[in-house]
Amino acid sequence: MTFVIAEPCIGVKDKSCVEVCPVNCIYEGEDMYYIHPDECIDCQACEAACPVQAIFPDNGVPEKWQSFIEKNRKFFENK
Ligand code: SF4
């Protein structure tokens, strides 16, 4: 399991999650932040810190934002 950032982050980029992540696995993209699926240790700190509730465990992402699981993964494909 890993954590995933979804739609509410777009245009907000509050960055609270970046500050609490113990392994620095949250990276800035143009539109939003992204969680590296292989680096995340599932500590849940970011989920609680997000002021717009954009972060979910990958098995708990709301139906309408399921595409963000792939979007987070894709962001790291060429990195
Ligand atoms: Fe970082 Fe923990 Fe959030 Fe994973 S769950 S992105 S390790 S703060």
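Residue-wise test of (1) free of Cβ contacts under 8 Å to residues at least 60 places away in the same chain; (2) more than 25 Å from residue 78 (Cα to Cα); (3) outside any loop (DSSP other than H, G, I, E, B).
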{"residue": "8", "(1), (2), (3)": "yes, no, yes"}
{"residue": "19", "(1), (2), (3)": "yes, no, yes"}
{"residue": "27", "(1), (2), (3)": "yes, no, yes"}
{"residue": "30", "(1), (2), (3)": "yes, no, no"}
{"residue": "37", "(1), (2), (3)": "yes, no, no"}
{"residue": "48", "(1), (2), (3)": "yes, yes, yes"}
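So residue 78 fits all but one of (1) over 11 Å from the mean Cα position of the chain (by Cα); (2) touching a residue at least 24 places away in the same chain (Cβ under 8 Å); what number is the exception?
Result: residue 78 fails condition (2) only.
For segment 46-79, name all the residues that are crowded, with 19+ Cβ neighbours inside 10 Å and modelled with pLDDT under 95.
72
Quick check on residue 59: is it in contact with a strand residue (DSSP E or B) (Cβ under 6 Å, 6 or more places away or on another chain) and of a type outside the set (A, V, I, L, M, F, W, C)? So that I can check it myself, show each step before the final result.
Working: in contact with a strand residue (DSSP E or B) (Cβ under 6 Å, 6 or more places away or on another chain): no; of a type outside the set (A, V, I, L, M, F, W, C): yes.
Considered against the rule, which asks whether it is in contact with a strand residue (DSSP E or B) (Cβ under 6 Å, 6 or more places away or on another chain) and of a type outside the set (A, V, I, L, M, F, W, C), residue 59 comes out as no.
The values are calculated or read from the model by the stated rules, or taken from the named source; none is laboratory data. What you see is a predicted model; the values in this text were computed from it and never measured. Using ideal geometry, Cβ is built from the backbone for each residue, glycine included, and neighbour counts are taken over all protein chains shown.
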